[in-house]
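Read through the structure below, which is laid out as structure tokens, and then see the notes.
The values are calculated or read from the model by the stated rules, or taken from the named source; none is laboratory data. From a predicted model like this one, the values you see are computed outputs, not experimental measurements. Here the Cβ positions follow ideal geometry from the backbone for every residue, glycine too, while neighbour counts run over all protein chains shown. Protein only, heavy atoms only, side chains kept; ligands, DNA and RNA dropped before computing areas. Shrake-Rupley method; radii C 1.70, N 1.55, O 1.52, S 1.80 Å.
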Amino acid sequence: MTDSSHAEFRIVGGHPALDLVNTVTPRARGGAVEHEYLTSPADLLAWSRRIELIDLRDYSAIEGTWRSAPELAEKALGATLEIREAAYDVLAPHAAGVAVAKDGVKRSEGSAFERLMLRWSAAAARSMLIPDADRERGIAELVVGTSPAQLIPDRLVVAAVELVRAVELRQLRACPVEDGGCGWLFLDRSRNGSRRWCAMEDCGTRAKIRKLGERRRATGVLQS
Ligand SMILES: [Zn+2]
């Protein structure tokens, strides 16, 4: 199920926790927000389906629960945004390409860890280890999110903790804000580690056009 209003919004993080971090533009600490992608529980539901955090069955269960208890939907959205900001504060200081507001992010890193841990332990309390004999690997399945109302933030915080625990630091990058990028975080999986922008078609092209304009203006000044 795709939502056309989300179609133009690129998914570039390479990990659900980074895709979550990238649901606001520009991605930074301080300064004006140009676009917030998660403004309502409905946005959150559509986005979660789009990044395949939830399947269709989860989708209907969550939608039904949220419809009968809108305050739980708002609570899930609030938890998601808290996890998003905590994940950003923990990850951003370690991302290549982050320059703007790095100090501000670094200062809040400690409390961000605590917020992630609290959310993660609540999610663990709503998880189940289900024995499964018909597996090639492992003997049980870990099901995160047994409560539909909180399923989305629960899965997101587990994903965020997994990333914090295991991220390949040389792959973690930010689209460079100081060069006109959006600050989104992503995993650079290119063989030579040469990916600089969230997406070349987006920020890369915009930066190129701007540079070209600056060069033309500079030349114009020299000629006059
Ligand atoms: Zn970008």
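Assorted remarks:
- Looking only at segment 80-104, and only at residues there that are touching a strand residue (DSSP E or B) at 6+ places or on another chain (Cβ under 8 Å) and either basic (Lys, Arg) or open to solvent by 50 Å² or more (accessible area, probe 1.4 Å) (or both), the one that is modelled with the lowest pLDDT: His94
- Residue, farthest from the chain's Cα centre (by Cα), within segment 184-206, restricted to residues that are near the ligand (Cβ under 9 Å from one of its atoms) and in a helix (DSSP H, G or I): Arg206
- Residue match in segment 136-158 (condition: closer than 18 Å to Ala17 by Cα, within 16 Å of the ligand (Cβ to nearest atom), charged (D, E, K, R) and in contact with a helix residue (DSSP H, G or I) (Cβ under 7 Å, 6 or more places away or on another chain)): no
- Residue in segment 175-183 that is among the β-branched types (Val, Ile, Thr) and within 14 Å of the ligand (Cβ to nearest atom) present: yes
- When the criteria are applied in full, Arg107 fails the requirement of being at pLDDT 85 or above and basic (Lys, Arg).
- Meets criteria (within 16 Å of the ligand (Cβ to nearest atom), under 22 Å from Glu85 (Cα atoms), among the β-branched types (Val, Ile, Thr) and surrounded by 12 or more Cβ atoms within 10 Å (Cβ to Cβ)) for Val167: no
- Subset of segment 142-160 (residues that are farther than 18 Å from Leu77 by Cα and open to solvent by less than 90 Å² (accessible area, probe 1.4 Å)): Val143
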